[in-house]
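Beneath this line is the structure, given in structure tokens, with notes to follow.
Since every read-out is calculated from the coordinates, none of them should be taken as a lab result. Note that the coordinates shown come from a computational prediction; the quantities given were computed from them, not determined experimentally. Cβ coordinates were reconstructed from backbone atoms using ideal geometry, including for glycine residues, and neighbour counts include every protein chain displayed.
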Amino acid sequence: MSEKKVRLNSEWLCDCGGCHVAIVDLHEKMLRVMESIEIQKCPVLTDEKGYPEADIGIVTGAIRTEHDRKAAIEMREKCETIIAFGTCAVYGGFHGAGLAHSREEILNHVYRKSPTTKTDLIPGNSISSLEKMVIPIDEVIDVDLYLPGCPPHARFIFEALSSLVNGTEPRVVQETVCAGCNREMEKSEVTAVRDSHEGIARDDVCFLSQGYICLGSVTLDRCLSPCPSHGIPCTGCAGPTMQILTEPTRDIRTEVSERMSKLTAISYDTIREKMEKSAKTYYAYAMATKMIGQKPTFLVRKWIAESEE
């Protein structure tokens with residue numbers, strides 16, 4: 001690594017905090033990183049309230065509040081290179097499910113209709129106001145490097161930081177989660193879509209072949225495929241592949257429905273309707289990005305209304 005220490009800031013916007021914790025998952029490699037990086041601002045490590053000048057800025061979380069917007073702008077102004085770190089920063093993350101509802105519906109549900117709420121008061125000036133929309137950070141600031149994942153795997157974190165410190169191009173691959181899964185696709189006579197709690201899937205056969213909806217074939221590999229390797233269908237936490245993002249009339253449900261219908265006796269329409277009824281689940285991580293939200297095939301409000309009838 002470089003002898004000159006690189007100054008690093010990180011900021012935590014609207015997310016769970018898991019991305020900051022993931023940096024610690026570098027384990028012994030963290031020592032190698034710290035030889036070349038000086039952490040100036042990090043919400044979980046330092047008490048720095050301002051935004052010092054820095055070479056690298058890591059921004060986690062989506063833009064959900066006025067505070068998030070201001071913090072992202074401050075980071076852009078003070079950091080030479082900005083990394084959109086984690087799926088929330090890159091695509092908006094699971095907060096994007098809020099786009100299926102109005103801001104007023106969300107506030108009323110949380111503060112007035114929740115069984116645990118004991119007041120009718122909706123916070124005013126005491127907290128930062130919600131933005132009208134949940135959006136990825138690149139709709140507010142320019143981003144230099146995208147590192148999706150929920151959270152990003154330690155391998156990709158180390159590779160990204162090492163590349164930036166050494167002034168080299170990060171290695172970028174477009175493989176799907178399926179590329180790291182050892183299950184085999186096979187034609188079956190399964191006739192119904194199964195929920196994950198229904199039965200125990202065979203560990204050597206593709207989930208789609210067994211009637212379980214798995215998003216591995218439409219999800220970018222930024223995780224090294226731990227879920228399907230341990231008996232859990234992929235939920236798409238690293239975000240969609242470029243094929244899904246760039247094809248205007250193809251999206252998550254159409255791709256999965258087509259593949260699954262070819263592997264089973266379940267019709268394309270049955271699978272698609274199942275995914276539409278649970279759109280906030282299957283689109284959880286990428287609903288907020290315009291590359292998904294503005295597709296002519298993406299009609300989440302319509303799907304939810306129909307499923308509630």
Q.
What number does the range 216-259 give for Rg over Rh if you use C-alpha atoms and the Kirkwood radius?
A. 0.99
Q. In percent, how large is the relative contact order of the chain, given Cα pairs closer than 8 Å and 6 or more residues apart?
A. 18 percent
Q: Anything over 27 Å Cα to Cα? Flag those among Lys29/Lys280; Lys5/Lys78; Lys187/Lys295; Lys132/Lys302; Lys4/Lys78, in the order listed.
A: Lys29/Lys280; Lys187/Lys295
**Q.** trypsin sites (Lys or Arg not before Pro) lying in DSSP loop within the range 105-182, provided at most 15 other Cβ fall within 10 Å
**A.** Lys118, Arg171
**Q.** Percent antiparallel among DSSP beta bridges (both partners in the chain, rounded to 5)
**A.** 20 percent
(Q) If Rh is defined by the Kirkwood formula over all Cα pairs and Rg also comes from Cα, what ratio Rg/Rh do you get for the range 177-308? (A) 0.94
**Q.** Cubic angstrom per residue, convex hull over Cα atoms of the range 16-172
**A.** 136 Å³
Q | Exposure proxy ranking, count of Cβ atoms within 10 Å, fewest first, for Met291, Met133, Met75 | A | Met133, Met291, Met75
Q: Can you bin the range 96-226 into rounded, prolate or oblate? Criterion: square roots of the alpha carbon gyration tensor eigenvalues sorted a ≥ b ≥ c, rounded for a/c under 1.5, prolate for a/b above b/c, oblate for the rest.
A: oblate
Q. Per-residue ellipticity at 222 nm for the chain, helices alone: DSSP H runs ≥ 4 residues times -39500 (n - 2.57), over residue total, nearest 500 deg cm²/dmol?
A. -8500 deg cm²/dmol
**Q.** Mean-position separation - Cα centroids, the range 51-118 and the range 247-309, in angstrom
**A.** 25 Å
Q. Given N residues in the chain, what is Rg(Cα) / (2.2 N^0.38 Å)?
A. 1.07
Q | Cα-based radius of gyration of the range 1-98 once divided by 2.2 N^0.38 Å, which approximates compact folds | A | 1.07
